[in-house]
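Asks: One structure is given below, represented as structure tokens, and several questions about it will come after.
What follows is calculated from the coordinates using simple rules that are stated; it is not laboratory data. Since we're looking at a predicted model, the values are computed, not measured. All Cβ positions, glycine included, derive from the backbone under ideal geometry; neighbour counts span all protein chains shown.
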Amino acid sequence: MRNLLTIADLSSDDLQELLQLADRFAETQTRDVKKVPALRGKTVVLAFFEDSTRTRTSFDLAARRLSADVVNFSAGASSLSKGESLRDTIETISAMGVDAIVVRHRSSGAPQQVAQWTDAAVINAGDGWHQHPTQALLDSYTIRQRFGSLEGRRIALCGDINHSRVARSDVDAFTKLGAEVVLVAPPTLLPPSLEGWPVSVSHDLDQVVSDIDVAYFLRIQQERMTDALFPSVREYRAHFGLTVDRAKRLKPDALIMHPGPMNRGVELDPAVADDERAVVLDQVAAGIPIRMAVLFQTLGPGQFESEVA
Ligand code: ASP
Ligand code: CP
């Protein structure tokens, strides 16, 4: 795997292989010394042109635990403020001899562009409304960790689907791994066309809530909305939030998921976010072995056995 730009580039076998590799890296993270020498001598640049807490920190930790050198490029403190273009910025970073560039950008397609301007491996850490492939991998990992596999599981993705790169990546990954996906949202928060999406759609959370294995809630992405797409936050919560009452109707072993950052009291009631079925922090934890696996697959010089075990 040269780059990781979109889940569409991965077959279900590729996805399974990454999840299995992540299992092996997860084992290394239970050791006293969490660091393995696999990427010694490699340099990873984290080029985040949009804010992040989880993705940035876990890519940073994942790269360091593989013994790579890590450079954090901060868009806000860079010469972008002097008018330098994205292309010149990437070519400048590349000229310093780096091995991988992890890119987050508010524009859909930016990582694909970056890949044309550099010989370094490019990993998409979230581009606009388009894709967030490592999020989909860590979400799949979390579900598989609890249920053994995604095969035959019914997953509801609920909320602001249209603005969500997580939704687009998750739908592709979950269905490739054998799950059934239902989108639950008001029409105003769904993409104008769902042609080619292997999903069913419901506008009524109450109708699906008792019949799903995973209740996955997406953040209301106000920063990407130009119009008022629902009457009020109160009304949104009443229809599409996981309230305490609704959570009582979930199956006893259902998972409650959210990519973070969450609006507590909107997508999930505070008590629900702390419910024992909520695996939001397990998702965060899965980010480390998943991103180690992705960095190793794109940069690793060989087999896990010779480099890590
Ligand atoms: N953190 C995720 C993303 O960057 C989800 C979100 O922001 O709602 O796509
Ligand atoms: N889930 C996610 O991508 O979180 P951050 O935006 O904090 O990286």
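Asks: Using θ = phi - 60° and the Karplus form 6.51 cos²θ - 1.76 cosθ + 1.60, what ³J(HN,Hα) does each residue of region 66-78 get, whole Hz, x for Gly and Pro?
Replies: 9, 6, 6, 7, 10, 10, 9, 8, 9, 3, x, 9, 10
Asks: Report the gain in length on full extension from Glu305 to Thr30: 0.36 nm times residue separation, minus Cα-Cα distance, nm rounded to one decimal.
Replies: That pair, Glu305 and Thr30, stretches by 97.3 nm at full extension.
Asks: List Thr134, Thr298 from most exposed to least, where exposure is judged by having the fewest other Cβ atoms within 10 Å.
Replies: If I rank by nearby Cβ atoms, fewest first, I get Thr298, Thr134.
Asks: What is the distance in Å between the Cα centroid of region 279-309 and that of region 203-259?
Replies: 31 Å
Asks: By how many nm would the segment from His203 to Met225 lengthen if fully extended, with 0.36 nm per residue of separation less the alpha-carbon distance?
Replies: Here the answer is 5.9 nm.
Asks: As a footprinting exposure proxy, order Phe48, Phe304 by other Cβ within 10 Å, with the fewest listed first.
Replies: Arranged by neighbour count, lowest to highest, Phe48, Phe304 become Phe304, Phe48.
Asks: Can you list the HN-Hα couplings for region 169-177, worked out from phi with the Karplus curve (6.51, -1.76, 1.60; θ = phi - 60°), rounded to whole Hz and with x for Gly and Pro?
Replies: Values per residue, Gly and Pro as x: 6, 5, 4, 5, 5, 4, 6, 5, 8 Hz.
Asks: Just grab the label-to-label distance for Asn72 and Arg264, each label 7 Å out from Cα along the Cβ direction, in nm (one decimal).
Replies: 2.4 nm
Asks: Between Phe217 and residues 5 or more places away or on another chain, which pairs have amide H atoms under 5 Å apart, with H built 1.01 Å from N, and which residues are they?
Replies: Those lying under 5 Å, H to H, from Phe217 are Cys158, Met257, His258.
Asks: Rounded to the nearest 5, what % of the DSSP beta bridges within the chain are antiparallel ones?
Replies: So the antiparallel bridges amount to about 5 percent of the total.
Asks: While we're here: Pairs of alpha-carbon atoms within less than 8 angstrom and 6+ residues apart define the contacts here; what relative contact order does region 180-309 have, in percent?
Replies: 23 percent
Asks: Which ³J(HN,Hα) values, rounded to whole Hz and listed in residue order, are derived for region 129-137 from phi using the Karplus coefficients 6.51, -1.76 and 1.60 in 6.51 cos²θ - 1.76 cosθ + 1.60 with θ = phi - 60°, glycine and proline given as x?
Replies: 8, 7, 8, 8, x, 6, 5, 5, 5
Asks: Round to the nearest 0.05 the FRET efficiency obtained for Asp119 and Glu151 when R0 = 45 Å and r is the Cβ-Cβ distance.
Replies: 0.70
Asks: If you don't mind, another one. Grab the Cα-Cα distance for Ala238 and Ser193, subtract it from 0.36 nm times how many residues apart they are, and report the gain in nm with one decimal.
Replies: Between Ala238 and Ser193, full extension yields 13.6 nm more.
Asks: Related question: Under 5 Å between amide H atoms, partner at least 5 residues away or on a different chain: which partners does Val201 have, H built in plane at 1.01 Å?
Replies: Leu183
Asks: A further question follows. What is the set of long-range amide H partners of Ser78 at a cut-off below 5 Å, with H atoms built 1.01 Å from backbone N?
Replies: So Ser78 has HN proximity to no qualifying residue.
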